[in-house]
Amino acid sequence: MEDCLAKKMEITVSEAEKRTGRNAVNMQETYTAYLIETRAVESQSEGQCAPVDSLWRRYSEFELLRNYLSVTYPHIVVPPLPEKRADFVWHKLSADNMDPDFVERRRIGLENFLLRVASHPVLCQDKIFYSFLTQEGGWKEVVNETGFQLKADSRLKALNATFRVKNPDKRFTELKHYSDELQSVISHLLRVRARVADRLYGVYKVHGNYGRVFSEWSAIEKEMGDGLQSAGHHMDVYAASIDDILEEEEHYADQLKEYLFYAEALRAVCRKHELMQYDLEMAAQDLTSKKQQCEELATGTVRTFSLKGMTSKLFGQETPEQREAKIKVLEEQIQEGEEQLKSKNLESRDFVKSAWADIERFKEQKNHDLKEALISYAVMQISMCKKGIQVWTNAKECFSKM
């Protein structure tokens, strides 16, 4: 962790800007660009003011970076991007991806994504990631030249592996179930939070009605007028404070959403292991089949029914020379198959070792982050309740002076 990029470089996504341009099919489009600023930490520790390097990136470029990292490091739980369009919002907030409040929250989420990658012991050392932060022109070409898209596994192949693996690793199966349950729980939590926020908004805004009624009442009362007017003022201030409070609450919701998307990153690692296990089992099956063919040719006996065996019976047996030639080819294929199987076994063991180390790292991070987020959310709710008590305490004092 001492060598991670986050220790050597300050990384911020400092602003977002709405732009208009032409897309790949030459059609007019509106999009948001984000300004990434970086500054070396070393020169600051020496008392010098390091220059700030800056460049603009679109959300689609962040997506390209993450896709590259996911394919290149299949054993790593790659940090997720913030949502492209708002989800789990209470109805007073806009779900428009161009809404200023949503764009601001996404800016914070993109900065968090970069800091997550820069703090990761493996991902932070990737040259493509470094060039994403420092090289504006030609970056897409550099990524595409890596050929990472050719290495990406098709969804059909992944689905096939899921259903056909005979000996799945119990740990990864349990992890897959856990990620499904984690996503389900957080989704439900976010829906409950949205409903609570909506009701809270209504309660606060209704206090504005108290303010209006007390103000109107004060106009027809002489002795009670000042007290009613003051109480009404406290209610108006209380009602107006809800917008800032719920904007702060959205920040905590975004922290939960990050782990909603992390659940998919966990499943991606599990799918990659299933694919490796499937390839391993297919290689072992193919090797067994070739060994059986070789044995049948050598002994002249057929263990199982085959089209080749029926053909031999119908049209006569092969000559010894033909059989020897086939045995030689099969022996070469068996040798290649054994080497391939050995290589796949080593690759699988290395994957499991690396993946499980990163999963353990992720678990520590998740436990710490969710604990902090939930505590902060509870503190905020307590603070809101205290404000409500204070408002009614102030109103009580106003009424007492009437």
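The values are calculated or read from the model by the stated rules, or taken from the named source; none is laboratory data. This is a predicted model, so every value here is computed, not measured. Glycine gets a Cβ as well: all are built from the backbone with ideal geometry, and neighbour counts include every protein chain shown. What goes into the accessible areas is simple: the full protein's heavy atoms, side chains included, and nothing from ligands, DNA or RNA. Shrake-Rupley method; radii C 1.70, N 1.55, O 1.52, S 1.80 Å.
Please give the FRET efficiency for residue 28 paired with residue 60, using the beta carbon to beta carbon distance and R0 = 25 Å, rounded to the nearest 0.05. Step by step, r from the Cβ atoms, then E = 0.95. Taking a Cβ cut-off of under 11 Å around residue 270, the surrounding Lys, Arg, Asp and Glu residues balance to a net charge of 0, with basic ones at +1 and acidic ones at -1. Heavy-atom accessible surface of segment 348-402, averaged per residue, reaches 65 Å², computed with a 1.4 Å probe. Kirkwood's formula applied to the C-alpha pairs of segment 330-389 gives a hydrodynamic radius of 15.9 angstrom. Peptides 334-345, 239-250, ordered by how many other C-beta atoms sit within 10 Å of their residues on average, highest first, read 239-250, 334-345. Of the solvent-accessible surface of the chain, computed with a 1.4 Å probe over protein heavy atoms with every protein chain present, carbon and sulfur atoms account for 53 percent. Think of a 1.4 Å ball rolled over the protein heavy atoms: segment 89-231 then has 60 Å² of accessible area per residue.
Hydrophobic long helices, here whole DSSP H runs in the chain with Kyte-Doolittle means of at least -1.0 and Cα atoms spread over 27 Å or more along the helix axis, are found at 100-119, 170-218, 242-299, 320-400. Two numbers describe the Cα atoms of the chain: Rg and Dmax, which are 31.6, 123 Å.
In the calculated pair distance distribution of segment 189-264, what percentage of Cα-Cα distances lie above 21 Å? Percentage above 21 Å: 46. Given the pairs 222/387; 151/342; 127/176; 291/353; 176/353, which span a C-alpha to C-alpha distance of over 23 angstrom in this model? The answer is 222/387; 127/176; 291/353. Specify whether the C-alpha gyration tensor of segment 110-155 places it in the rounded, prolate or oblate class, a ≥ b ≥ c being the square roots of the eigenvalues: rounded for a/c under 1.5, otherwise prolate if a/b is larger than b/c and oblate if not. The shape class here is oblate.
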